1. Six or more apart or on different chains, Cβ under 7 Å: which pairs go from a residue in region 53-68 that's over 12 Å from W32 (Cβ atoms) to one that's part of a helix (DSSP H, G or I) and open to solvent by 90 Å² or more (accessible area, probe 1.4 Å)? Could you list them?
2. Starting from region 1-22, keep only residues that are touching a residue at least 12 places away in the same chain (Cβ under 8 Å), then list their pairs with residues that are of a type in the set (G, A, S) and part of a helix (DSSP H, G or I) whose Cβ atoms are within a distance under 8 Å, requiring at least 6 positions of separation or different chains.
3. Quick check: anything in region 6-14 at pLDDT below 95 and of a type in the set (G, A, S)?
Amino acid sequence: MAYYPESLIKKLFIKVKEYPRFSDGEIEKFCWMAVHEHKHGVLPSEYDIREIDEDLYLQLLHEFKLNI
């Protein structure tokens, strides 16, 4: 598993919280969107199948689960 700096995780954490219609019930979706935007530079479209960095996604998701 790759390690990402805490500063990146915090930056993405804040980004997720600022998304319109953010919901604690959809944390997985919003974390995926943030990691997609970080990797590809744009939010995913409805049927976007581009890969994301799964290690970064899991680390960000873990951060949210620690803070619930």
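The values are calculated or read from the model by the stated rules, or taken from the named source; none is laboratory data. Model, not experiment: these values are computed from the prediction. As a convention, Cβ positions derive from the backbone with ideal geometry for all residues, glycine included, and neighbour counts pool all protein chains shown. Just so you know, the surface numbers come from the protein's heavy atoms only, side chains and all, with ligands and any DNA or RNA stripped out. Shrake-Rupley method; radii C 1.70, N 1.55, O 1.52, S 1.80 Å.
1. Here the result reads I68/D24, each pair linking region 53-68 to a residue that is part of a helix (DSSP H, G or I) and open to solvent by 90 Å² or more (accessible area, probe 1.4 Å).
2. That search, which allows pairs on different chains as well, returns L12/A34; K15/A34; V16/A34; Y19/A34.
3. no
Each row is one residue, and each column tells you yes or no for (1) touching a helix residue (DSSP H, G or I) at 6+ places or on another chain (Cβ under 6 Å); (2) of a type outside the set (A, V, I, L, M, F, W, C).
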position: K15; (1), (2): yes, yes
position: S23; (1), (2): no, yes
position: E26; (1), (2): no, yes
position: G41; (1), (2): no, yes
position: S45; (1), (2): no, yes
position: I49; (1), (2): no, no
position: I52; (1), (2): yes, no
position: D55; (1), (2): no, yes
position: E63; (1), (2): yes, yes
